[in-house]
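The values are calculated or read from the model by the stated rules, or taken from the named source; none is laboratory data. This one's a predicted model, so the numbers in the text were calculated from it and none came from an experiment. Heads up, the Cβs are rebuilt from the backbone with ideal geometry, glycines too, and the neighbour counts pull from every protein chain shown. With ligands, DNA and RNA removed, areas are computed over all heavy atoms of the protein, side chains included. Shrake-Rupley method; radii C 1.70, N 1.55, O 1.52, S 1.80 Å.
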Amino acid sequence: MKRRFFLLIATAVTFLGASSGLAASKPADGERLLLIRAVGGASEKEAVAQTGVYDSMVEYLTDRGYRVVDRQAAEQAAMQIAATHEIDPVLNKAAAYGLKFLAEYSIHFKTSTIVKDPERGIGALVRVSAKVVDNTGARIITAKSAEASSTGHTADDATEKAARTAGRKAIEQLAKGIEQHVAQAGSEGRTLTLVLEGRAQVLDRLLGAIERSPAVAAAREVESGGGKATLEVICKVRRDQFERELLRAAGQQGVQLQKIRSEGNRSTWKIR
């Protein structure tokens with residue numbers, strides 16, 4: 001009987017350990033995110049709402065293992081993007097800024113705030129609309145909206161409370177979309193476009209090394225000639241991991257690479 005009791009305890013401990021491991025290993029853990037708020041033409045009440053949304057999103061993401069670009073960098077990106085005074089044309093810019101700060105994803109959000117019942121007690125309704133941009137592909141992978149209302153001693157107090165609740169609701173939905181996208185990319189592979197410039201003989205050696213790389217599921221040459229080759233590569237890892245693997249493979253071939261430009265899922269490299 002005593003032996004059976006110890007066996008049950010050991011089984012329970014093993015099961016709990018496995019369960020906690022599964023719970024801790026979400027597919028998007030460690031992904032780096034840039035949060036950008038729509039500051040173009042924002043009023044004072046929208047600035048309060050956006051700050052509340054931003055803070056609640058950062059808290060949720062960092063608690064779950066995401067790496068979030070610091071606020072100063074995010075504000076810089078938001079101010080520069082605001083020059084367009086629009087949301088929709090911002091897609092490529094959001095992706096470009098995300099790549100600049102080495103973020104896999106950018107979250108671009110805007111708020112709409114209504115302050116109500118100032119005579120019977122200050123109340124506020126905040127609605128947040130957000131899009132997640134895959135920076136390596138410069139495309140929207142999910143878009144969600146959420147709203148919340150709250151009361152407070154002042155308009156700013158009510159707005160901040162409502163904004164934090166709305167931001168929490170929105171980011172919970174967005175995080176699920178990110179995790180699904182990461183899981184899908186992990187099983188199907190991410191498609192990147194590489195432009196390589198250099199001598200033909202060196203290009204051939206490098207192309208062979210890329211095709212043999214364990215990080216690459218498939219690679220095909222879509223254009224060549226004039227000392228340049230363009231490849232479409234389906235890789236099994238994130239863009240930054242693939243680029244490290246590319247530099248390693250090039251070094252093994254005695255080739256030095258320099259990145260000239262990177263936009264979305266396309267990067268240009270010069271062979272030295």
Residues (without any contact (Cβ under 8 Å) to a residue 40 or more places away in the chain and either within 22 Å of the chain's Cα centre (by Cα) or at positive phi (or both)) located in the range 247-272: 254, 259, 261
Can you tell me which residues in the range 249-272 are out of contact with any helix residue (DSSP H, G or I) (no Cβ under 9 Å at 6 or more places or on another chain) and either among the aromatic types (Phe, Trp, Tyr) or modelled with pLDDT of 85 or more (or both)? 251, 258, 260, 268, 270
List the strands (runs of 3 or more DSSP E) that sit entirely inside the range 91-200 and contain at least 3 residues that are more than 24 Å from residue 246 (Cα to Cα). 105-116, 123-134, 139-151
Residue count for the range 116-146, restricted to those that are closer than 30 Å to residue 260 by Cβ and either open to solvent by 50 Å² or more (accessible area, probe 1.4 Å) or touching a Pro at 6+ places or on another chain (Cβ under 8 Å) (or both): 3
Condition check for residue 113: at pLDDT 90 or above, buried (at least 23 other Cβ atoms within 10 Å of the Cβ), out of contact with any Gly (no Cβ under 9 Å at 6 or more places or on another chain) and not aliphatic (A, V, I, L, M): yes
When residue 229 is run through (1) of a type in the set (Gly, Ala, Ser); (2) in contact with a strand residue (DSSP E or B) (Cβ under 7 Å, 6 or more places away or on another chain); (3) open to solvent by 20 Å² or more (accessible area, probe 1.4 Å); (4) more than 30 Å from residue 65 (Cβ to Cβ), the failure sits at (3)
Go through the range 40-71 and report how many residues are assigned to a helix (DSSP H, G or I), more than 16 Å from the chain's Cα centre (by Cα) and within 15 Å of residue 129 (Cα to Cα). 8
Do we find a residue being in contact with a Phe, Trp or Tyr (Cβ under 8 Å, 6 or more places away or on another chain), in a helix (DSSP H, G or I) and crowded, with 17+ Cβ neighbours inside 10 Å anywhere in the range 234-245? no
